[in-house]
Amino acid sequence: MFKMELQTEAQHLCDKSFTVPDVGSKYTAWSSVSTLIQKNLLIKTHNPARFSLTDEGLALAERLESVERGIKDGPQGDGEEDEEEGAPGVVDLTCSDDDDEDDEEDRIHGTETPTCDVGEEDEMRKTPELQAMSGKPNGACLLPGTYEIILCVDFIETTGGSHHRKQELTKELQRNGVKFDVRKLNVGDFLWVAREKVAPVPGQLRAPTGRELVLDYIIERKRMDDLCGSIIDGRFREQKFRLKRCGLRRPVYLVEECGAAASHLSLPETTLQQAIVNTQVVDGFFVKRVQDVKESAAYLTVMTRYLTKLYQNRTLVCRSRELEGDRGSDEEDGGTPSCSLISFAEFNHGAIKNKCQTVRDVFARQLMQISGLSGDKAAAILEQYSTPHSLLTAYERCESEAEKEKLLSSIRYGKLKRNVGPALSRTVYQLYCSRGALS
């Protein structure tokens, strides 16, 4: 398994976060993986790194699973489990003499760990808001007043190109009193994080880094000339596709006019206006039109103040990106912002453009290279045929050529549940099954 996959699967089994360290510490739960590797329970291979259980690790995992099942089934077989604990096949992961002394003391005084009672007490201690989130693994919980809202600006927006114009944006934000941080964003140009307020530690030069959760708003900024170039080279569709999959529910397109330069663009203005309308109506993005850099800075300022007020009395809980669709949507339908947010580290890592991709991801990108096949259409096809192999197998089951050409035509996509159509279905069939040039 890759690192992110392993963290996602193991987070609910761990009482510490894999991505966010505790206050005053630089270590996370992932730091313990090196111990498992040293004890030959886990092996690390490939680049990017993949992690696999060794034979010893697999044996230990099976033994732990059997012990856990015995606890769930009841007190029967306690004597056998005690014997297994002393068996030579069990490896002590801590190797701490202090722990051995504590265990010996517990055996002398006859103390036991009340597993069920502790769980019930924890549930009683939870506030109603946290009980609603109890189904989600959370390594971070930020209470009202313990965090501040910070605007994050992609470093590309402040460097390269027209240096004077890009510096003007940050100067305007400073004039407006906006707290912002310039950093590398793997998707989008602007977003907001709830950063934990951390007091300086005596004796340390710098204060510990506070935990950061990403709010559900992300902005992609486009000047009209940049929009024109991105449509021509295909970046426009790819960026929209990546924004939809980034895990944030409120994507915004900030379209900035380019003044007199608009008359020298490679595409007619009607084409650009249609692309903007499609972004809002078809793709479901909110589109904000502004005239220049000052208006862009003004919009970011207003949004920062709005989000600061919106989240000021809310408890924020860290969730995994894999659980992005379960309860946040219900909260949003009620008109309230989501309080279950992704950590910035997990968000930015998941948005890496050239990361190792699955067969499903590559298949989706292949389909989107076909003219007229949007991200929604590709996603609908992937729901039924997740890999090229499954699609080719379906073609082989068809009895006639006409049936193969119409295989995908009745697949419904998007909010309106329209059909993919026979034309696109025939094009996909020809792409994957024709040996010669496409007709």
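The values are calculated or read from the model by the stated rules, or taken from the named source; none is laboratory data. All values derive from a computational prediction rather than experimental measurement. Please note: Cβ atoms are built from the backbone with ideal geometry, for glycine as well, and neighbour counts cover all protein chains shown. Heavy atoms of the whole protein, side chains included, go into the accessibility calculation; ligands, DNA and RNA do not. Shrake-Rupley method; radii C 1.70, N 1.55, O 1.52, S 1.80 Å.
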TODO: Rounded to the nearest 0.05, what FRET efficiency do V198 and K3 give with R0 = 25 Å and r taken as the Cβ-Cβ distance? Could you check?
DONE: 0.45
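Which FRET efficiency value, to the nearest 0.05, is calculated for A298 and K415 with the Förster distance at 41 angstrom and r the Cβ-Cβ distance? Please report the intermediate quantities before stating the final value.
Details: r = 32 Å, r/R0 = 0.78.
My answer for the efficiency is 0.80.
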Open item on the list: Once R0 is set to 41 Å, what does the formula 1/(1 + (r/R0)^6) return for the Cβ-Cβ distance between L310 and R435, expressed as a FRET efficiency to the nearest 0.05?
Closed with: 0.10
Open item on the list: Given an 8 Å cut-off on Cα distances and at least 6 residues of separation, report the relative contact order of the stretch 201-291 as a percent.
Closed with: 34 percent
Open item on the list: Using the basic label-point model (7 angstrom from Cα toward the beta carbon), what is the Q274 to E62 distance in nanometres?
Closed with: 6.3 nm
Task: Segments 340-349, 292-301, 272-281 sorted - mean Cβ within 10 Å per residue, highest first - done: 340-349, 292-301, 272-281
Task: Length added when fully stretched, E168-Y27, from 0.36 nm per residue minus Cα-Cα - done: 46.9 nm
Open item on the list: Quick query: amide H of F18 versus all other amide H atoms, modeled in the peptide plane; which residues come in under 5 Å with a sequence gap of 5 or more or a different chain?
Closed with: A29
- [ ] Ignoring everything but the protein chains, give the 1.4 Å probe accessible area of K406 in square angstrom, nearest 10.
- [x] 130 Å²
- [ ] Using a/c under 1.5 as the rounded threshold, could you call the stretch 155-278 rounded, prolate or oblate? The axes a ≥ b ≥ c are square roots of the C-alpha gyration tensor eigenvalues, and prolate needs a/b larger than b/c, oblate otherwise.
- [x] prolate
Open item on the list: Considering only protein heavy atoms and a probe of 1.4 Å, how much of the accessible area of the stretch 187-289 is carbon and sulfur, as a whole percent?
Closed with: 53 percent
TODO: Quick one: go through the stretch 28-66 and flag any residue whose amide nitrogen is under 16 Å from the point 7 Å out along the Cα-to-Cβ line of N186.
DONE: 47-50
